[in-house]
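K.L.:
Before I ask anything, here is the structure I am working with.
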Amino acid sequence: MKISLNWLRDYVALDAPVDEITHAITFLGFEVEQVISTGAPRLDGVVVGEVLAREKHPNADKLSVCQVDVGPAGGVKTIVCGAQNYQVGDRVPVALPGAVLPGDFVIRQSKIRGQLSDGMMCSGRELGIGDDHQGLLILADRPEIGRPINAVLPAGDTVFDIEVTPNRPDCLSHLGIARELAAWFGTALKYPKIKYSGHAAVPSGEAAAKTDPHLLRSVRVDAPDDCPLYMAHSIVGVKVGPSPAWLQERLRAVGLRPVNNVVDVTNYVMLESGQPLHAFDAAKLAGGQIVVRRAADREKIATLDGREHTLDDRMLVIADGAGPVAIAGIMGGEHSGVGPGTADLVLECAVFNALFVRRTSRSLGLSSDSSYRYERGVDPKTAEEAARRALDLIIETAGGRVAGAVHRIGGGLPSRREIALTTAFVTERLGFVIPEADMKAALESLELAVIREEAAPGAGLSWTVAIPSWRSDLDRPIDLVEEILRIHGTDKIPPARVIAPGLVGEDDPVVRFNRAVTAYLVGHDFHECVTATLRSAQETATWVSQTAAQELALANPFAEDQSHLRPTLIMGLLETLRLNQSRGLPMSRICETGRIFIELNGQNFECAAAAFVIADDPARRWRPRAPADFYTAKHHVEALAGAAGIDLSRETLVPVSGPYYGWQEGHSAAAGEIASGWTARFGRLNLAMVRSMGVAGAVHAGVFAILPEKLPATPSGRRHVDFSLFPAALRDLALIVDAGTPAADVRGTLERAGRHAVGGAFALESVGVFDVYHGQGLPEGTKSLAFSLVFRAADRTLTDQEVNAAFTKLQDDILKSTSYQIRK
């Protein structure tokens with residue numbers, strides 16, 4: 001937001017240097033992004049001259065040779081000029097030899113096409129005060145010849161480009177910033193004088209235009225929750241034209257283009273007070289009525305920027321008897337605006353619901369200075385004063401008179417808020433002493449009036465502070481402590497040792513889990529990324545379930561493609577993969593940690609999750625990396641589960657069926673259920689889903705999710721276990737099992753039988769599958785699984801007799817306790 005220093009001085013005496021004012025604004029809590037100086041720079045050697053004669057240049061068709069009187073500074077000068085917009089007798093700026101113009105352009109006596117030129121007549125751009133360079137700057141008020149140009153041109157201005165935090169809508173105006181600076185510098189704040197006293201409000205919002213046919217007939221608010229206050233004044237007999245110079249100068253200083261006297265006044269008052277206003281041409285309001293209502297679905301309106309917008313029933317409009325004439329709080333309609341032919345006005349001053357304005361602005365991609373303020377909140381108490389101020393200025397600049405009574409719907413003033421505060425509380429929170437008189441002065445300089453004061457035993461003074469309606473950010477005593485400190489100056493906080501309690505204990509379990517799995521994946525050549533936490537409804541319904549699409553939907557989404565909580569990290573990773581593939585980047589292994597939301601039987605579970613995807617490696621290498629497969633994904637998911645204290649190798653795996661989370665049926669597996677605390681999925685992703693995401697080639701992936709409360713509260717300590725220095729004894733065993741029996745189930749059975757067979761004398765160190773066979777020689781519906789069993793003792797070399805005895809016992813147990821057959 002741009003703030004003019006000259007404008008500020010209308011309300012507060014500011015004689016301090018610009019650097020000091022910038023410092024004050026910054027320490028009051030507002031970032032000054034830029035300080036812009038306007039007006040003419042110092043132009044030594046540039047004076048007012050009068051053109052006495054003008055003749056055509058003998059050697060150039062487009063040049064003239066002029067005789068110019070520059071007064072006592074040099075008398076009559078001969079100057080060659082290429083401009084065409086001046087006449088004999090005009091007074092213009094003349095740069096004499098030796099003058100330095102903006103851009104370090106030094107003026108010298110020279111010959112132009114053989115003709116001596118003893119100076120230069122200047123345009124506005126050459127003087128650094130405008131963009132016009134097509135002709136000379138004509139000094140219409142005919143200042144004294146020879147007078148320095150800096151004494152003639154308007155004084156410059158200083159403009160502060162300020163970033164106002166969202167909690168301070170009261171400072172989105174010159175008065176708001178002036179109030180802050182008045183408090184900082186300890187000077188009085190001068191409010192603009194308002195002459196218009198107003199008429200009584202129209203009861204029930206209806207007015208019969210019996211005495212004046214130009215009066216607005218009626219105002220109705222059909223959506224009072226969306227528009228708690230609406231006021232409309234009728235002004236008749238105005239003459240629309242250019243604004244006076246002072247008004248145009250103010251608007252240009254802050255980056256606004258003057259339009260006409262009526263529109264410029266509404267902009268001026270908005271920038272002065274923070275209250276947006278809008279003026280309608282009364283003759284263009286069909287039926288002489290205004291209705292504040294929700295838009296009809298698919299209703300259309302053409303706005304002042306020349307664009308047509310299609311509305312929906314969640315948007316608020318200002319309508320007349322024929323249709324919408326403005327989008328409430330954002331922009332007026334193209335066909336009801338004030339123009340050269342306007343004679344009668346309706347001035348709107350209203351308060352609109354910030355949520356509706358923000359949502360409409362984002363939905364339509366339409367914003368304005370008005371919507372910027374409405375989205376952050378405007379003060380209802382300011383609205384009436386702003387309307388009266390605008391009426392004063394319209395009558396002053398455009399003539400006319402206020403006709404009839406004001407139409408006012410709603411808008412009971414907000415009740416006064418009060419906050420109790422003690423000086424002891426302030427001192428305790430600050431950590432240093434500010435005199436009680438200075439505390440009180442700081443509050444009252446911000447118009448936070450201390451309306452009651454009494455002694456508080458053991459707590460100094462007790463104050464009741466009245467909070468003005470424009471300070472919606474003040475709710476608690478600590479807020480007033482901050483106000484006192486802001487005005488006292490944070491740069492005056494005395495140095496002191498910082499005494500603070502240290503953090504005891506370990507990091508949060510989720511943080512430890514994320515750190516562990518990220519370190520593992522990055523160590524295995526994965527690139528970590530962060531993707532959007534919101535996904536689209538279509539994606540969720542297609543690749544998860546319709547129920548999840550209903551359960552994970554946001555009540556008020558910001559955008560159509562970000563309407564649902566994400567049920568998996570995989571979709572965001574695929575988008576990242578597609579982006580890298582489209583740009584030819586060889587990043588084929590990516591991972592992410594973050595929160596996901598899993599729906600199960602109508603219940604939503606918020607989980608900590610880690611996921612990865614592995615695509616075909618597009619890079620051309622001397623020694624290509626082996627392609628990923630199901631077992632690659634399984635291996636990495638086992639590591640992710642291990643970081644959460646879960647041994648996935650001992651869990652039952654089941655094939656994934658259907659498009660659940662987009663896994664390829666027959667090439668992927670799952671373990672665990674989120675209802676019991678955790679779940680894992682891994683394998684190849686559904687080819688149709690991968691193609692729909694625009695990713696080329698096959699993609700293998702894995703995801704592990706766990707409820708945060710199921711993570712270990714303390715890190716599991718890793719203990720060193722001595723390894724045996726003695727050789728292992730190996731035995732192979734082939735079992736015939738049902739074709740649908742998972743190898744992991746058979747392996748688990750062998751491990752349990754092996755532990756029972758060896759007792760505590762030595763150990764069955766590992767059991768691993770090394771062959772799977774289907775076909776001739778086996779009963780129908782079966783398969784053969786061959787396992788390698790490793791036996792080892794920690795203190796000796798095992799004998800064949802020991803190993804054979806244990807191996808025989810293991811086989812006997814298998815035959816007795818299972819339906820498995822030993823394949824000979």
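The values are calculated or read from the model by the stated rules, or taken from the named source; none is laboratory data. Just so we're clear, the structure is a prediction, and the values are computed from it rather than from any experiment. Here Cβ is always computed from backbone atoms with ideal geometry, including for glycine, and neighbour counts include all displayed protein chains. Each accessible area value is taken on the protein alone, full model and side chains, heavy atoms only, with ligands, DNA and RNA left out. Shrake-Rupley method; radii C 1.70, N 1.55, O 1.52, S 1.80 Å.
K.L.:
Just one of the numbered conditions (1) assigned to a strand (DSSP E or B); (2) open to solvent by less than 10 Å² (accessible area, probe 1.4 Å) is not true of S336; which one?
P.N.:
Of the numbered conditions (1) assigned to a strand (DSSP E or B); (2) open to solvent by less than 10 Å² (accessible area, probe 1.4 Å), the odd one out for S336 is (1).
K.L.:
A follow-up question, please. Can you name every residue in the range 1-45 that is among the basic types (K, R) and in a strand (DSSP E or B)?
P.N.:
Of everything in the range 1-45, just one residue is among the basic types (K, R) and in a strand (DSSP E or B), namely K2.
K.L.:
Which condition breaks for E765 when tested against (1) over 13 Å from I736 (Cα atoms); (2) charged (D, E, K, R); (3) open to solvent by less than 60 Å² (accessible area, probe 1.4 Å); (4) in a strand (DSSP E or B)?
P.N.:
(3)
K.L.:
Let me ask something additional. Between a residue in the range 478-500 that is closer than 25 Å to I21 by Cα and any residue that is among the hydroxyl-bearing types (S, T, Y) and surrounded by 16 or more Cβ atoms within 10 Å (Cβ to Cβ), which pairs come within a Cβ distance under 9 Å, given they are 6 or more apart or on different chains?
P.N.:
I487/S445
K.L.:
Out of the residues in the range 796-821 that are farther than 20 Å from D722 by Cα and hydrophobic (A, V, I, L, M, F, W, C), state the one that is most open to solvent (accessible area, probe 1.4 Å).
P.N.:
Filtering first and then ranking leaves L815.
K.L.:
On the basis of being touching a Lys or Arg at 6+ places or on another chain (Cβ under 9 Å) and charged (D, E, K, R), does D745 make the cut?
P.N.:
Against the criterion (touching a Lys or Arg at 6+ places or on another chain (Cβ under 9 Å) and charged (D, E, K, R)), D745 does not qualify.
K.L.:
List the number of the failed condition for T342; all other conditions in (1) open to solvent by less than 10 Å² (accessible area, probe 1.4 Å); (2) closer than 26 Å to T165 by Cα; (3) not aliphatic (A, V, I, L, M) hold.
P.N.:
Going through the list (1) open to solvent by less than 10 Å² (accessible area, probe 1.4 Å); (2) closer than 26 Å to T165 by Cα; (3) not aliphatic (A, V, I, L, M), T342 breaks only (2).
K.L.:
Kindly indicate whether any position in the range 700-720 is at pLDDT 90 or above, open to solvent by less than 30 Å² (accessible area, probe 1.4 Å) and more than 20 Å from T593 (Cα to Cα).
P.N.:
There is no residue in the range 700-720 that is at pLDDT 90 or above, open to solvent by less than 30 Å² (accessible area, probe 1.4 Å) and more than 20 Å from T593 (Cα to Cα).
K.L.:
I'd like the full set of residues that are under 16 Å from A761 (Cβ atoms) and open to solvent by 70 Å² or more (accessible area, probe 1.4 Å), limited to the range 771-795.
P.N.:
Correct list: A794, D795.
K.L.:
Quick check: is even one residue across the range 41-49 under 35 Å from the mean Cα position of the chain (by Cα) and exposed (fewer than 15 other Cβ atoms within 10 Å of the Cβ)?
P.N.:
Within the range 41-49 (the criterion being under 35 Å from the mean Cα position of the chain (by Cα) and exposed (fewer than 15 other Cβ atoms within 10 Å of the Cβ)), the answer is no, since none of the residues qualifies.
K.L.:
Give me the pairs: first residue in the range 278-307 and more than 24 Å from I394 (Cα to Cα), second residue of a type in the set (G, A, S) and open to solvent by 20 Å² or more (accessible area, probe 1.4 Å), beta-carbon distance under 6 Å, and six or more apart or on different chains, which are they?
P.N.:
G287/G321
K.L.:
Among the listed residues G645, G666, which satisfies the condition of being part of a strand (DSSP E or B) and either out of contact with any helix residue (DSSP H, G or I) (no Cβ under 7 Å at 6 or more places or on another chain) or open to solvent by less than 40 Å² (accessible area, probe 1.4 Å) (or both)?
P.N.:
Going through G645, G666 in turn, just one is part of a strand (DSSP E or B) and either out of contact with any helix residue (DSSP H, G or I) (no Cβ under 7 Å at 6 or more places or on another chain) or open to solvent by less than 40 Å² (accessible area, probe 1.4 Å) (or both): G666.
K.L.:
Please identify the pairs in which a residue from the range 615-632 that is more than 20 Å from M689 (Cβ to Cβ) and hydrophobic (A, V, I, L, M, F, W, C) has its Cβ atom under 8 Å from the Cβ atom of a residue that is open to solvent by less than 70 Å² (accessible area, probe 1.4 Å) and modelled with pLDDT of 75 or more, counting only partners at least 6 apart or on another chain.
P.N.:
Filtered contacts from the range 615-632: A619/S588.
K.L.:
Can you tell me which residue is least open to solvent (accessible area, probe 1.4 Å) among those in the range 676-688 that are more than 12 Å from I706 (Cβ to Cβ) and in a helix (DSSP H, G or I)?
P.N.:
Checking each candidate, the answer is A688.
K.L.:
Mind checking which residues of the range 600-611 are touching a Phe, Trp or Tyr at 6+ places or on another chain (Cβ under 8 Å) and of a type outside the set (F, W, Y)?
P.N.:
Answer for the range 600-611, where residues must be touching a Phe, Trp or Tyr at 6+ places or on another chain (Cβ under 8 Å) and of a type outside the set (F, W, Y): N604, E606, C607, A608, A609, A610, A611.
K.L.:
A further question on this structure: Taking the options T427, T464, T422, T490, name whichever one is among the polar types (S, T, N, Q), crowded, with 16+ Cβ neighbours inside 10 Å and either closer than 30 Å to D344 by Cβ or out of contact with any Ser or Thr (no Cβ under 8 Å at 6 or more places or on another chain) (or both).
P.N.:
Among T427, T464, T422, T490, only T427 is among the polar types (S, T, N, Q), crowded, with 16+ Cβ neighbours inside 10 Å and either closer than 30 Å to D344 by Cβ or out of contact with any Ser or Thr (no Cβ under 8 Å at 6 or more places or on another chain) (or both).
K.L.:
Against the conditions (1) under 26 Å from G642 (Cβ atoms); (2) outside any loop (DSSP other than H, G, I, E, B); (3) open to solvent by 40 Å² or more (accessible area, probe 1.4 Å); (4) touching a helix residue (DSSP H, G or I) at 6+ places or on another chain (Cβ under 7 Å), where does E751 fall short? Just the number, please.
P.N.:
So E751 meets the others, but not (4).
K.L.:
Additional query: Which strands (runs of 3 or more DSSP E) does the range 102-195 wholly contain that include 2 or more residues that are closer than 23 Å to D69 by Cβ and without any contact (Cβ under 8 Å) to a residue 60 or more places away in the chain?
P.N.:
Where strands (runs of 3 or more DSSP E) fall fully within the range 102-195 and carry at least 2 residues being closer than 23 Å to D69 by Cβ and without any contact (Cβ under 8 Å) to a residue 60 or more places away in the chain, they are 110-112, 115-117.
K.L.:
Next up: For the range 451-461, which positions are open to solvent by 80 Å² or more (accessible area, probe 1.4 Å), on the phi < 0 side of the Ramachandran plot and outside any strand (DSSP E or B)?
P.N.:
Once the filter is applied, which keeps residues that are open to solvent by 80 Å² or more (accessible area, probe 1.4 Å), on the phi < 0 side of the Ramachandran plot and outside any strand (DSSP E or B), the range 451-461 yields only P457.
K.L.:
Can you tell me which residue among E428, E444, E418 is over 17 Å from A466 (Cα atoms) and either among the charged types (D, E, K, R) or in contact with a Cys (Cβ under 6 Å, 6 or more places away or on another chain) (or both)?
P.N.:
E428
K.L.:
Would you pick out the residues in the range 555-598 that are open to solvent by 40 Å² or more (accessible area, probe 1.4 Å) and among the charged types (D, E, K, R)?
P.N.:
E560, D561, E575, R578, R583, R595
K.L.:
Let me ask something else. Might you let me know whether the range 612-626 holds any residue that is of a type in the set (F, W, Y) and buried (at least 24 other Cβ atoms within 10 Å of the Cβ)?
P.N.:
The answer is yes; a qualifying residue exists.
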